[in-house]
Amino acid sequence: GYSSLRLLQHFPIHGIKIDRSFVQGIPEVRRKTQLVRGVIGLAHELDLLVVAEGVETEAQADFLRGSGCEIAQGYLYARPLPARHVANWMKEPGRRVA
């Protein structure tokens, strides 16, 4: 997606979403790991919530959680669902929500 740090000054935002292209490869790819940690640190300095998308492995989830990412979404948790099915999905036993 499109992003610009300049926009952080001009719009009343509450959070930053880390694109799945950055999440793919963490924690194995050092450069991506450094970048994601930097984004999380910047977001926290600005009192912003951090959402990571495209989380597919436990290693990614563990890294993000340990780095202070508050919300993760991706195939590790669920495949995309129509809105009408979300309530039932949330009630399923053993449901993982991050």
In this structure, does Leu76 turn out to be assigned to a loop (DSSP other than H, G, I, E, B), aliphatic (A, V, I, L, M) and open to solvent by 20 Å² or more (accessible area, probe 1.4 Å)? yes
Kindly evaluate Ala87 against the criterion of being without any contact (Cβ under 8 Å) to a residue 40 or more places away in the chain and touching a strand residue (DSSP E or B) at 6+ places or on another chain (Cβ under 6 Å). no
Pick from the range 5-21 the residues that are in contact (Cβ under 8 Å) with a residue 24 or more places away in the chain and assigned to a helix (DSSP H, G or I): which of them is nearest to Val55 (Cα to Cα)? Arg20
Need the failing condition index for Gln9 against (1) among the polar types (S, T, N, Q); (2) open to solvent by 60 Å² or more (accessible area, probe 1.4 Å); (3) touching a helix residue (DSSP H, G or I) at 6+ places or on another chain (Cβ under 9 Å), just the number. (3)
Among the candidates Val36, Val50, Val55, which residue alone is open to solvent by less than 20 Å² (accessible area, probe 1.4 Å), part of a strand (DSSP E or B) and modelled with pLDDT of 95 or more? Val50
Output the residues belonging to the range 60-95 that are of a type in the set (A, V, I, L, M) and under 18 Å from Asp19 (Cβ atoms). Ala61, Leu64, Ile71, Ala72, Leu76
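The values are calculated or read from the model by the stated rules, or taken from the named source; none is laboratory data. Just so it is clear, the model here is predicted, and its values are computed rather than measured. Positions of Cβ are generated from backbone atoms using ideal geometry, with glycine treated the same way; all protein chains shown enter the neighbour counts. Calculation scope for accessible area: heavy atoms of the full protein, side chains included, ligands and nucleic acids excluded. Shrake-Rupley method; radii C 1.70, N 1.55, O 1.52, S 1.80 Å.
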